[in-house]
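The values are calculated or read from the model by the stated rules, or taken from the named source; none is laboratory data. Everything numeric in this text was worked out from a predicted model, so none of it was measured. Reconstructed Cβ throughout: ideal geometry from the backbone, glycine too, with neighbour counts over all protein chains shown.
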Amino acid sequence: MDGVLAQLANGFVDVLAPANLLALVVGLVLGLLVAVLPGLTLVMGVVLALPFTYSMDVTAAIILLTAMYVSGTYAGAWTSILFRVPGEPIDVPLLWDGYTMARKGHAAKALGWTLVAAGVGGLCAATVMVLLAHPVARIALTFSTPEYFAIIFFGLASVASLGGGSLANALISLFAGLLIATVGVDDTYGAHRFTFGVRILSDGIDYLVVMVGAFGLGEVFMRMEHRFKSAPLESVDTVSTQLPSLREASAIKGTFARGTLLGIVIGLVPGAGATVASFLSYGIEAQYGRRRELMGSGIPEGIVAPQTAATASVGGAMIPLVTMGIPGSGATAIILGAFLLHGLQPGPQVFETSSHIVYAVFASIFVGVIGMCLIGYFAARYLVRVLEFPEVIVSAYVVMCCILGAFAARNNITDVWLIVVFGVVGYLCERFRFPIAPLVLGVILGPLAETNFMTTMISFNNDWMVFFTRPISGAIMALAIVTLVYPVLRHLRRRARLPAT
(Lines give C-alpha, C1' and ligand atoms only; values in the text may rest on other atoms or scores of the structure.)
Protein backbone atom coordinates (compact mmCIF):
# COMPACT_ATOMS: atom_id res chain seq x y z
CA MET A 1 0.00 0.00 0.00
CA ASP A 2 2.84 2.40 0.82
CA GLY A 3 4.33 1.76 -2.62
CA VAL A 4 1.01 2.54 -4.31
CA LEU A 5 0.63 5.79 -2.36
CA ALA A 6 4.20 6.80 -3.20
CA GLN A 7 3.61 6.16 -6.91
CA LEU A 8 0.31 8.03 -6.77
CA ALA A 9 2.09 10.97 -5.13
CA ASN A 10 4.61 10.93 -7.97
CA GLY A 11 1.67 10.82 -10.35
CA PHE A 12 0.29 14.03 -8.82
CA VAL A 13 3.68 15.65 -9.31
CA ASP A 14 3.65 14.61 -12.98
CA VAL A 15 0.11 15.91 -13.48
CA LEU A 16 1.03 19.30 -12.03
CA ALA A 17 3.87 19.68 -14.55
CA PRO A 18 2.97 22.63 -16.84
CA ALA A 19 2.49 20.61 -20.05
CA ASN A 20 0.38 17.91 -18.39
CA LEU A 21 -1.65 20.41 -16.39
CA LEU A 22 -2.39 22.37 -19.57
CA ALA A 23 -3.48 19.16 -21.30
CA LEU A 24 -5.75 18.39 -18.33
CA VAL A 25 -7.43 21.81 -18.41
CA VAL A 26 -7.86 21.69 -22.19
CA GLY A 27 -9.34 18.19 -21.92
CA LEU A 28 -11.80 19.28 -19.22
CA VAL A 29 -12.98 22.27 -21.23
CA LEU A 30 -13.26 20.27 -24.46
CA GLY A 31 -15.22 17.56 -22.66
CA LEU A 32 -17.61 20.13 -21.25
CA LEU A 33 -18.05 21.78 -24.64
CA VAL A 34 -18.58 18.50 -26.49
CA ALA A 35 -21.17 17.39 -23.96
CA VAL A 36 -23.34 20.46 -24.58
CA LEU A 37 -22.84 20.84 -28.33
CA PRO A 38 -25.96 19.75 -30.25
CA GLY A 39 -25.44 16.47 -32.06
CA LEU A 40 -21.98 15.71 -30.68
CA THR A 41 -21.42 12.79 -28.32
CA LEU A 42 -18.71 12.14 -25.78
CA VAL A 43 -17.24 9.29 -27.81
CA MET A 44 -17.22 11.42 -30.97
CA GLY A 45 -15.50 14.24 -29.10
CA VAL A 46 -12.76 11.94 -27.84
CA VAL A 47 -12.39 10.54 -31.37
CA LEU A 48 -12.00 14.02 -32.85
CA ALA A 49 -9.36 14.93 -30.26
CA LEU A 50 -7.36 11.72 -30.71
CA PRO A 51 -5.51 12.65 -33.95
CA PHE A 52 -4.27 15.90 -32.42
CA THR A 53 -2.55 13.99 -29.60
CA TYR A 54 -0.29 12.15 -32.04
CA SER A 55 2.60 14.58 -31.67
CA MET A 56 2.11 15.02 -27.92
CA ASP A 57 3.93 13.24 -25.14
CA VAL A 58 2.13 10.02 -24.27
CA THR A 59 1.35 11.11 -20.69
CA ALA A 60 -0.11 14.45 -21.78
CA ALA A 61 -2.09 12.76 -24.56
CA ILE A 62 -3.73 10.19 -22.27
CA ILE A 63 -4.40 12.82 -19.61
CA LEU A 64 -6.16 15.05 -22.17
CA LEU A 65 -8.43 12.28 -23.42
CA THR A 66 -9.15 10.99 -19.92
CA ALA A 67 -10.07 14.50 -18.78
CA MET A 68 -12.50 14.76 -21.69
CA TYR A 69 -14.01 11.43 -20.64
CA VAL A 70 -14.43 12.59 -17.04
CA SER A 71 -15.99 15.97 -17.77
CA GLY A 72 -18.10 14.65 -20.63
CA THR A 73 -20.10 12.47 -18.25
CA TYR A 74 -21.17 15.59 -16.37
CA ALA A 75 -21.78 18.60 -18.62
CA GLY A 76 -24.58 17.04 -20.66
CA ALA A 77 -26.69 17.29 -17.51
CA TRP A 78 -26.90 21.06 -18.02
CA THR A 79 -28.87 20.78 -21.25
CA SER A 80 -31.02 17.99 -19.84
CA ILE A 81 -31.99 20.03 -16.78
CA LEU A 82 -32.34 23.42 -18.44
CA PHE A 83 -33.75 22.62 -21.89
CA ARG A 84 -34.85 18.98 -21.80
CA VAL A 85 -32.18 18.28 -24.44
CA PRO A 86 -29.95 15.40 -23.29
CA GLY A 87 -26.39 15.94 -24.44
CA GLU A 88 -25.73 12.19 -24.17
CA PRO A 89 -27.77 9.01 -23.68
CA ILE A 90 -26.20 9.11 -20.20
CA ASP A 91 -28.28 12.17 -19.40
CA VAL A 92 -31.72 10.86 -20.33
CA PRO A 93 -32.59 9.71 -16.76
CA LEU A 94 -31.79 13.24 -15.54
CA LEU A 95 -34.73 14.55 -17.56
CA TRP A 96 -37.28 12.85 -15.37
CA ASP A 97 -36.39 14.67 -12.16
CA GLY A 98 -33.84 17.32 -13.16
CA TYR A 99 -35.98 19.02 -15.78
CA THR A 100 -39.05 18.65 -13.57
CA MET A 101 -37.21 20.36 -10.70
CA ALA A 102 -36.11 23.13 -13.07
CA ARG A 103 -39.68 23.65 -14.28
CA LYS A 104 -40.69 24.16 -10.65
CA GLY A 105 -38.28 27.09 -10.45
CA HIS A 106 -35.32 25.28 -8.87
CA ALA A 107 -32.97 24.99 -11.86
CA ALA A 108 -30.00 26.33 -9.89
CA LYS A 109 -30.59 23.73 -7.18
CA ALA A 110 -30.86 20.93 -9.74
CA LEU A 111 -27.53 21.98 -11.25
CA GLY A 112 -26.02 22.01 -7.75
CA TRP A 113 -27.17 18.46 -7.04
CA THR A 114 -25.68 17.35 -10.35
CA LEU A 115 -22.34 18.97 -9.53
CA VAL A 116 -22.12 17.36 -6.08
CA ALA A 117 -23.17 13.96 -7.44
CA ALA A 118 -20.53 14.09 -10.17
CA GLY A 119 -17.83 15.09 -7.66
CA VAL A 120 -18.69 12.40 -5.11
CA GLY A 121 -19.03 9.64 -7.69
CA GLY A 122 -15.84 10.59 -9.51
CA LEU A 123 -13.61 10.87 -6.42
CA CYS A 124 -14.91 7.65 -4.80
CA ALA A 125 -14.47 5.69 -8.03
CA ALA A 126 -10.96 7.08 -8.53
CA THR A 127 -10.02 5.87 -5.04
CA VAL A 128 -11.36 2.38 -5.74
CA MET A 129 -9.55 2.40 -9.09
CA VAL A 130 -6.19 3.04 -7.42
CA LEU A 131 -6.79 0.35 -4.79
CA LEU A 132 -7.89 -2.35 -7.25
CA ALA A 133 -5.65 -1.70 -10.24
CA HIS A 134 -2.43 -3.20 -8.86
CA PRO A 135 -4.01 -6.41 -7.42
CA VAL A 136 -5.86 -7.00 -10.69
CA ALA A 137 -2.66 -6.41 -12.67
CA ARG A 138 -0.73 -8.79 -10.39
CA ILE A 139 -3.22 -11.54 -11.15
CA ALA A 140 -3.03 -10.71 -14.85
CA LEU A 141 0.78 -11.14 -14.78
CA THR A 142 0.24 -14.89 -14.52
CA PHE A 143 -1.54 -14.88 -17.87
CA SER A 144 -0.10 -16.29 -21.09
CA THR A 145 -1.31 -15.88 -24.68
CA PRO A 146 -4.34 -18.22 -24.22
CA GLU A 147 -5.55 -16.08 -21.32
CA TYR A 148 -4.98 -12.86 -23.25
CA PHE A 149 -6.93 -14.18 -26.23
CA ALA A 150 -9.74 -15.28 -23.91
CA ILE A 151 -9.89 -11.82 -22.31
CA ILE A 152 -9.98 -10.08 -25.69
CA PHE A 153 -12.65 -12.51 -26.87
CA PHE A 154 -14.66 -11.76 -23.73
CA GLY A 155 -14.31 -8.02 -24.39
CA LEU A 156 -15.50 -8.43 -27.97
CA ALA A 157 -18.39 -10.64 -26.87
CA SER A 158 -19.46 -8.15 -24.21
CA VAL A 159 -19.44 -5.23 -26.60
CA ALA A 160 -21.38 -7.21 -29.18
CA SER A 161 -24.10 -8.14 -26.71
CA LEU A 162 -24.41 -4.53 -25.55
CA GLY A 163 -24.14 -2.97 -29.00
CA GLY A 164 -27.82 -2.25 -29.44
CA GLY A 165 -31.28 -3.75 -29.52
CA SER A 166 -30.39 -6.46 -32.03
CA LEU A 167 -27.65 -8.95 -31.17
CA ALA A 168 -27.52 -10.04 -34.82
CA ASN A 169 -26.83 -6.47 -35.98
CA ALA A 170 -24.19 -6.02 -33.29
CA LEU A 171 -22.42 -9.23 -34.33
CA ILE A 172 -22.54 -8.26 -38.02
CA SER A 173 -20.98 -4.91 -37.13
CA LEU A 174 -18.33 -6.61 -35.00
CA PHE A 175 -17.39 -9.12 -37.71
CA ALA A 176 -17.17 -6.30 -40.26
CA GLY A 177 -14.68 -4.55 -37.98
CA LEU A 178 -12.66 -7.75 -37.57
CA LEU A 179 -12.62 -8.16 -41.36
CA ILE A 180 -11.40 -4.59 -41.88
CA ALA A 181 -8.62 -5.24 -39.36
CA THR A 182 -7.26 -8.08 -41.52
CA VAL A 183 -6.65 -5.87 -44.57
CA GLY A 184 -2.95 -5.46 -45.32
CA VAL A 185 0.10 -7.61 -44.66
CA ASP A 186 -0.22 -10.50 -42.21
CA ASP A 187 2.12 -9.93 -39.25
CA THR A 188 2.78 -13.65 -38.77
CA TYR A 189 3.41 -14.94 -42.31
CA GLY A 190 3.85 -11.71 -44.30
CA ALA A 191 1.06 -12.56 -46.75
CA HIS A 192 -1.09 -9.89 -48.41
CA ARG A 193 -4.74 -10.16 -47.38
CA PHE A 194 -7.76 -8.51 -49.01
CA THR A 195 -5.60 -5.94 -50.80
CA PHE A 196 -6.95 -6.98 -54.25
CA GLY A 197 -3.77 -5.67 -55.84
CA VAL A 198 -4.50 -2.15 -54.60
CA ARG A 199 -1.24 -0.70 -53.40
CA ILE A 200 -2.72 1.72 -50.87
CA LEU A 201 -4.30 -1.18 -48.97
CA SER A 202 -0.95 -2.93 -48.41
CA ASP A 203 -0.32 -0.78 -45.33
CA GLY A 204 -3.66 -1.78 -43.92
CA ILE A 205 -6.53 0.43 -42.76
CA ASP A 206 -5.65 2.48 -39.71
CA TYR A 207 -8.14 2.14 -36.87
CA LEU A 208 -7.98 5.91 -36.40
CA VAL A 209 -9.47 6.40 -39.86
CA VAL A 210 -12.29 4.00 -39.07
CA MET A 211 -13.05 5.63 -35.73
CA VAL A 212 -13.03 9.22 -36.89
CA GLY A 213 -14.88 8.46 -40.13
CA ALA A 214 -17.60 6.25 -38.67
CA PHE A 215 -18.32 8.37 -35.60
CA GLY A 216 -17.49 11.88 -36.85
CA LEU A 217 -18.39 12.10 -40.54
CA GLY A 218 -21.12 9.49 -40.15
CA GLU A 219 -22.97 11.70 -37.67
CA VAL A 220 -22.54 14.75 -39.92
CA PHE A 221 -24.06 12.82 -42.84
CA MET A 222 -27.01 11.84 -40.64
CA ARG A 223 -27.59 15.46 -39.64
CA MET A 224 -27.23 16.52 -43.28
CA GLU A 225 -30.04 14.12 -44.16
CA HIS A 226 -32.24 15.97 -41.67
CA ARG A 227 -31.14 19.33 -43.11
CA PHE A 228 -29.42 20.35 -39.84
CA LYS A 229 -32.73 21.03 -38.15
CA SER A 230 -32.53 21.31 -34.37
CA ALA A 231 -35.20 22.48 -31.98
CA PRO A 232 -34.97 26.14 -30.90
CA LEU A 233 -33.79 26.60 -27.32
CA GLU A 234 -34.68 29.08 -24.62
CA SER A 235 -32.30 31.81 -23.49
CA VAL A 236 -29.25 30.65 -21.53
CA ASP A 237 -28.46 34.03 -19.97
CA THR A 238 -29.71 33.18 -16.46
CA VAL A 239 -27.90 29.88 -15.84
CA SER A 240 -26.39 29.48 -12.35
CA THR A 241 -25.53 26.78 -9.82
CA GLN A 242 -26.71 26.51 -6.19
CA LEU A 243 -25.02 23.82 -4.09
CA PRO A 244 -27.11 21.79 -1.62
CA SER A 245 -26.33 22.07 2.10
CA LEU A 246 -24.46 19.36 3.97
CA ARG A 247 -27.66 18.40 5.79
CA GLU A 248 -29.54 18.00 2.51
CA ALA A 249 -26.77 15.84 1.03
CA SER A 250 -26.53 13.73 4.21
CA ALA A 251 -30.26 13.01 4.04
CA ILE A 252 -29.78 11.02 0.81
CA LYS A 253 -26.37 9.49 1.55
CA GLY A 254 -27.80 6.07 0.69
CA THR A 255 -28.49 7.27 -2.86
CA PHE A 256 -24.93 8.53 -3.17
CA ALA A 257 -23.56 5.19 -1.94
CA ARG A 258 -25.76 3.05 -4.21
CA GLY A 259 -25.05 5.15 -7.28
CA THR A 260 -21.30 5.16 -6.70
CA LEU A 261 -21.07 1.42 -6.07
CA LEU A 262 -23.24 0.57 -9.04
CA GLY A 263 -21.27 2.90 -11.32
CA ILE A 264 -17.97 1.28 -10.34
CA VAL A 265 -19.32 -2.24 -10.84
CA ILE A 266 -20.92 -1.43 -14.20
CA GLY A 267 -17.73 0.32 -15.29
CA LEU A 268 -15.77 -2.86 -14.62
CA VAL A 269 -17.93 -4.77 -17.12
CA PRO A 270 -16.35 -4.49 -20.59
CA GLY A 271 -18.71 -2.75 -22.99
CA ALA A 272 -21.25 -1.46 -20.47
CA GLY A 273 -20.22 2.12 -19.75
CA ALA A 274 -21.88 5.16 -18.23
CA THR A 275 -25.21 4.90 -20.07
CA VAL A 276 -26.01 1.48 -18.61
CA ALA A 277 -24.88 2.67 -15.17
CA SER A 278 -27.06 5.78 -15.35
CA PHE A 279 -30.25 4.00 -16.38
CA LEU A 280 -29.72 1.08 -14.00
CA SER A 281 -28.98 3.34 -11.04
CA TYR A 282 -32.14 5.36 -11.64
CA GLY A 283 -34.16 2.16 -11.95
CA ILE A 284 -32.81 0.74 -8.69
CA GLU A 285 -33.54 4.00 -6.89
CA ALA A 286 -37.07 3.99 -8.30
CA GLN A 287 -37.60 0.43 -7.04
CA TYR A 288 -35.79 0.40 -3.70
CA GLY A 289 -35.17 4.03 -2.72
CA ARG A 290 -36.62 5.55 0.44
CA ARG A 291 -38.82 7.93 -1.61
CA ARG A 292 -39.30 5.70 -4.63
CA GLU A 293 -42.95 6.71 -5.02
CA LEU A 294 -41.87 10.32 -5.66
CA MET A 295 -39.32 9.52 -8.38
CA GLY A 296 -40.07 11.55 -11.48
CA SER A 297 -41.64 14.42 -9.56
CA GLY A 298 -38.46 16.48 -9.25
CA ILE A 299 -36.66 15.13 -6.18
CA PRO A 300 -32.86 15.15 -5.61
CA GLU A 301 -32.61 11.34 -5.60
CA GLY A 302 -33.64 11.25 -9.25
CA ILE A 303 -30.71 13.51 -10.11
CA VAL A 304 -28.08 12.07 -7.78
CA ALA A 305 -28.62 8.40 -8.65
CA PRO A 306 -27.91 8.55 -12.42
CA GLN A 307 -25.25 11.28 -12.24
CA THR A 308 -23.26 9.59 -9.46
CA ALA A 309 -23.31 6.28 -11.31
CA ALA A 310 -22.35 7.85 -14.65
CA THR A 311 -19.28 9.63 -13.27
CA ALA A 312 -18.28 6.69 -11.05
CA SER A 313 -18.27 4.44 -14.09
CA VAL A 314 -15.21 6.31 -15.38
CA GLY A 315 -12.98 4.98 -12.60
CA GLY A 316 -14.47 1.51 -12.96
CA ALA A 317 -13.94 1.45 -16.73
CA MET A 318 -10.30 2.46 -16.39
CA ILE A 319 -9.46 -0.66 -14.34
CA PRO A 320 -9.93 -3.29 -17.11
CA LEU A 321 -8.45 -0.86 -19.64
CA VAL A 322 -5.16 -0.34 -17.80
CA THR A 323 -4.76 -3.79 -16.25
CA MET A 324 -5.87 -6.00 -19.15
CA GLY A 325 -6.16 -3.77 -22.20
CA ILE A 326 -9.94 -4.28 -22.38
CA PRO A 327 -12.06 -1.12 -22.76
CA GLY A 328 -14.96 -0.81 -20.34
CA SER A 329 -16.83 1.75 -22.47
CA GLY A 330 -16.86 3.44 -25.85
CA ALA A 331 -14.66 6.31 -24.63
CA THR A 332 -12.09 3.97 -23.08
CA ALA A 333 -11.97 2.14 -26.42
CA ILE A 334 -10.71 5.38 -27.95
CA ILE A 335 -8.28 5.88 -25.05
CA LEU A 336 -7.03 2.34 -25.73
CA GLY A 337 -6.40 3.49 -29.29
CA ALA A 338 -4.38 6.43 -27.92
CA PHE A 339 -2.23 4.07 -25.86
CA LEU A 340 -1.54 1.96 -28.93
CA LEU A 341 -0.99 5.04 -31.08
CA HIS A 342 1.88 6.01 -28.78
CA GLY A 343 3.36 2.51 -28.75
CA LEU A 344 2.13 1.59 -25.25
CA GLN A 345 0.18 -1.65 -24.77
CA PRO A 346 -2.10 -1.54 -21.69
CA GLY A 347 -1.92 -4.68 -19.59
CA PRO A 348 -0.24 -6.06 -16.48
CA GLN A 349 3.24 -5.39 -17.88
CA VAL A 350 2.52 -1.68 -18.07
CA PHE A 351 2.86 -1.48 -14.28
CA GLU A 352 6.40 -2.81 -14.63
CA THR A 353 7.51 -0.83 -17.69
CA SER A 354 5.53 2.43 -17.52
CA SER A 355 4.05 2.69 -14.03
CA HIS A 356 4.80 6.44 -13.92
CA ILE A 357 2.42 6.98 -16.86
CA VAL A 358 -0.31 4.83 -15.30
CA TYR A 359 -0.22 6.63 -11.96
CA ALA A 360 -0.05 10.00 -13.66
CA VAL A 361 -3.30 9.07 -15.43
CA PHE A 362 -4.79 7.88 -12.13
CA ALA A 363 -3.81 11.15 -10.44
CA SER A 364 -5.23 13.11 -13.36
CA ILE A 365 -8.67 11.63 -12.66
CA PHE A 366 -8.60 12.97 -9.09
CA VAL A 367 -7.42 16.39 -10.27
CA GLY A 368 -9.79 16.24 -13.25
CA VAL A 369 -12.89 15.62 -11.10
CA ILE A 370 -12.00 18.55 -8.84
CA GLY A 371 -11.21 20.78 -11.81
CA MET A 372 -14.42 19.73 -13.53
CA CYS A 373 -16.46 20.74 -10.49
CA LEU A 374 -14.72 24.11 -10.23
CA ILE A 375 -15.14 24.87 -13.92
CA GLY A 376 -18.71 23.63 -13.85
CA TYR A 377 -19.60 25.84 -10.90
CA PHE A 378 -18.13 29.07 -12.25
CA ALA A 379 -18.46 28.63 -16.03
CA ALA A 380 -21.82 26.94 -16.53
CA ARG A 381 -23.57 30.04 -17.88
CA TYR A 382 -20.78 30.64 -20.42
CA LEU A 383 -20.23 27.08 -21.61
CA VAL A 384 -23.88 26.37 -22.34
CA ARG A 385 -23.97 29.32 -24.75
CA VAL A 386 -22.48 27.04 -27.39
CA LEU A 387 -26.03 25.69 -27.69
CA GLU A 388 -26.83 28.88 -29.57
CA PHE A 389 -24.36 28.01 -32.37
CA PRO A 390 -26.08 27.04 -35.64
CA GLU A 391 -25.95 23.28 -36.13
CA VAL A 392 -24.54 23.63 -39.64
CA ILE A 393 -21.55 25.60 -38.26
CA VAL A 394 -20.87 22.89 -35.69
CA SER A 395 -21.01 20.25 -38.41
CA ALA A 396 -18.54 22.20 -40.55
CA TYR A 397 -16.04 22.23 -37.68
CA VAL A 398 -16.53 18.49 -37.20
CA VAL A 399 -15.75 17.82 -40.87
CA MET A 400 -12.66 20.03 -40.72
CA CYS A 401 -11.38 18.25 -37.58
CA CYS A 402 -12.04 14.83 -39.11
CA ILE A 403 -10.11 15.57 -42.31
CA LEU A 404 -7.19 17.24 -40.54
CA GLY A 405 -7.04 14.43 -38.01
CA ALA A 406 -7.05 11.73 -40.67
CA PHE A 407 -4.21 13.35 -42.57
CA ALA A 408 -2.17 14.16 -39.46
CA ALA A 409 -2.11 10.56 -38.24
CA ARG A 410 0.14 9.19 -41.01
CA ASN A 411 0.60 12.20 -43.35
CA ASN A 412 -1.11 10.12 -46.03
CA ILE A 413 -3.71 11.62 -48.38
CA THR A 414 -5.15 8.11 -48.83
CA ASP A 415 -6.43 8.25 -45.27
CA VAL A 416 -8.48 11.32 -46.18
CA TRP A 417 -10.30 9.34 -48.88
CA LEU A 418 -10.70 6.37 -46.57
CA ILE A 419 -12.20 8.53 -43.85
CA VAL A 420 -14.91 9.63 -46.28
CA VAL A 421 -15.58 5.98 -47.12
CA PHE A 422 -15.95 5.10 -43.46
CA GLY A 423 -18.05 8.19 -42.93
CA VAL A 424 -20.51 6.69 -45.42
CA VAL A 425 -20.20 3.35 -43.60
CA GLY A 426 -21.00 5.08 -40.31
CA TYR A 427 -23.97 6.83 -41.87
CA LEU A 428 -25.32 3.55 -43.27
CA CYS A 429 -24.85 1.88 -39.88
CA GLU A 430 -26.91 4.62 -38.22
CA ARG A 431 -29.46 4.59 -41.02
CA PHE A 432 -30.08 0.85 -40.81
CA ARG A 433 -29.62 0.54 -37.03
CA PHE A 434 -26.28 -1.25 -36.97
CA PRO A 435 -24.26 -0.15 -33.91
CA ILE A 436 -20.91 1.48 -34.70
CA ALA A 437 -19.13 0.66 -31.42
CA PRO A 438 -18.67 -3.07 -32.21
CA LEU A 439 -17.31 -2.15 -35.65
CA VAL A 440 -14.68 0.17 -34.18
CA LEU A 441 -13.70 -2.18 -31.38
CA GLY A 442 -13.38 -5.01 -33.88
CA VAL A 443 -10.86 -2.91 -35.79
CA ILE A 444 -8.94 -2.07 -32.59
CA LEU A 445 -9.01 -5.44 -30.82
CA GLY A 446 -8.97 -7.65 -33.92
CA PRO A 447 -5.20 -7.49 -34.47
CA LEU A 448 -4.56 -8.14 -30.76
CA ALA A 449 -6.86 -11.15 -30.81
CA GLU A 450 -5.25 -12.48 -33.98
CA THR A 451 -1.71 -12.07 -32.63
CA ASN A 452 -2.49 -13.88 -29.39
CA PHE A 453 -4.42 -16.60 -31.21
CA MET A 454 -1.65 -17.26 -33.73
CA THR A 455 1.03 -17.22 -31.03
CA THR A 456 -0.99 -19.72 -29.02
CA MET A 457 -1.44 -22.00 -32.01
CA ILE A 458 2.31 -21.93 -32.72
CA SER A 459 3.19 -22.55 -29.07
CA PHE A 460 0.65 -25.33 -28.46
CA ASN A 461 0.86 -27.28 -31.75
CA ASN A 462 -2.42 -25.93 -33.19
CA ASP A 463 -4.41 -27.33 -30.25
CA TRP A 464 -7.35 -24.92 -30.01
CA MET A 465 -8.70 -26.81 -27.01
CA VAL A 466 -5.99 -25.12 -24.93
CA PHE A 467 -8.30 -22.13 -24.55
CA PHE A 468 -10.75 -24.35 -22.66
CA THR A 469 -8.44 -26.75 -20.82
CA ARG A 470 -6.38 -24.09 -19.01
CA PRO A 471 -8.37 -23.05 -15.89
CA ILE A 472 -8.28 -19.25 -16.22
CA SER A 473 -8.70 -19.05 -19.99
CA GLY A 474 -11.41 -21.73 -19.84
CA ALA A 475 -13.37 -19.78 -17.22
CA ILE A 476 -13.09 -16.56 -19.23
CA MET A 477 -14.13 -18.29 -22.46
CA ALA A 478 -17.13 -19.76 -20.66
CA LEU A 479 -18.13 -16.29 -19.46
CA ALA A 480 -17.74 -14.97 -23.00
CA ILE A 481 -19.96 -17.71 -24.41
CA VAL A 482 -22.58 -17.06 -21.73
CA THR A 483 -22.42 -13.36 -22.60
CA LEU A 484 -23.24 -14.20 -26.21
CA VAL A 485 -25.81 -16.91 -25.55
CA TYR A 486 -27.78 -15.24 -22.75
CA PRO A 487 -29.33 -12.48 -24.92
CA VAL A 488 -30.40 -15.15 -27.43
CA LEU A 489 -32.03 -17.25 -24.72
CA ARG A 490 -33.73 -14.19 -23.26
CA HIS A 491 -35.10 -13.28 -26.70
CA LEU A 492 -36.38 -16.82 -27.26
CA ARG A 493 -38.02 -16.86 -23.83
CA ARG A 494 -39.80 -13.59 -24.57
CA ARG A 495 -41.04 -14.93 -27.90
CA ALA A 496 -42.33 -18.08 -26.19
CA ARG A 497 -44.39 -15.96 -23.79
CA LEU A 498 -46.09 -14.05 -26.60
CA PRO A 499 -49.60 -15.28 -27.40
CA ALA A 500 -49.84 -17.25 -30.63
CA THR A 501 -51.44 -15.40 -33.53
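Key figures for this structure:
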quantity	calculated
Condition check for Thr451: touching a Pro at 6+ places or on another chain (Cβ under 6 Å), surrounded by 13 or more Cβ atoms within 10 Å (Cβ to Cβ), closer than 29 Å to Leu208 by Cβ and modelled with pLDDT of 80 or more	no
Options Ile264, Ile284: the member that is among the β-branched types (Val, Ile, Thr) and more than 21 Å from the chain's Cα centre (by Cα)	Ile284
Condition met for Ile266 (modelled with pLDDT of 75 or more, crowded, with 21+ Cβ neighbours inside 10 Å, in contact with a helix residue (DSSP H, G or I) (Cβ under 6 Å, 6 or more places away or on another chain) and in a helix (DSSP H, G or I))	yes
Near pairs, Cβ below 6 angstrom, 6+ apart or cross-chain, from the range 242-268 (without any contact (Cβ under 8 Å) to a residue 60 or more places away in the chain) to any residue that is among the polar types (S, T, N, Q) and surrounded by 19 or more Cβ atoms within 10 Å (Cβ to Cβ)	Leu262/Ser281; Ile266/Ser313
Residue selected from the range 375-391 under the condition modelled with pLDDT of 75 or more and surrounded by 13 or more Cβ atoms within 10 Å (Cβ to Cβ), by the criterion farthest from Pro244 (Cα to Cα)	Ile375
Counted residues, the range 135-170 - those being modelled with pLDDT of 75 or more and either assigned to a loop (DSSP other than H, G, I, E, B) or surrounded by fewer than 18 Cβ atoms within 10 Å (Cβ to Cβ) (or both)	3
Looking only at the range 468-481, and only at residues there that are touching an Asp or Glu at 6+ places or on another chain (Cβ under 9 Å) and touching a residue at least 24 places away in the same chain (Cβ under 8 Å), the one that is farthest from Gln345 (Cα to Cα)	Arg470
Selection within the range 344-366 - over 13 Å from Thr59 (Cβ atoms) and either modelled with pLDDT under 80 or touching an Asp or Glu at 6+ places or on another chain (Cβ under 9 Å) (or both)	Gln345, Gly347, Pro348, Gln349, Phe351, Glu352, Thr353
Residue in the range 200-252 that is modelled with the lowest pLDDT, counting only those that are under 27 Å from Phe52 (Cα atoms) and more than 27 Å from the chain's Cα centre (by Cα)	Ile200
Among the residues listed as Thr66, Thr100, the single one being part of a helix (DSSP H, G or I), of a type in the set (Val, Ile, Thr), within 19 Å of the chain's Cα centre (by Cα) and modelled with pLDDT of 75 or more	Thr66
Qualifying positions in the range 290-312 - in a helix (DSSP H, G or I), surrounded by fewer than 20 Cβ atoms within 10 Å (Cβ to Cβ) and in contact with a helix residue (DSSP H, G or I) (Cβ under 7 Å, 6 or more places away or on another chain)	Arg292
Filter result (polar (S, T, N, Q), assigned to a loop (DSSP other than H, G, I, E, B) and in contact with a Phe, Trp or Tyr (Cβ under 7 Å, 6 or more places away or on another chain)) within the range 171-210	Thr182
Residue in the range 432-448 that is surrounded by the fewest Cβ atoms within 10 Å (Cβ to Cβ), counting only those that are outside any helix (DSSP H, G or I) and over 15 Å from the mean Cα position of the chain (by Cα)	Phe432
Tabulated pairs, the range 292-320, first farther than 12 Å from Thr260 by Cβ and modelled with pLDDT under 80, second aromatic (Phe, Trp, Tyr) and outside any helix (DSSP H, G or I), C-beta under 7 angstrom, 6+ apart or interchain	none
Residues located in the range 184-208, provided they are among the β-branched types (Val, Ile, Thr) and either in contact (Cβ under 8 Å) with a residue 40 or more places away in the chain or closer than 18 Å to Ala406 by Cα (or both)	Thr188, Ile200, Ile205
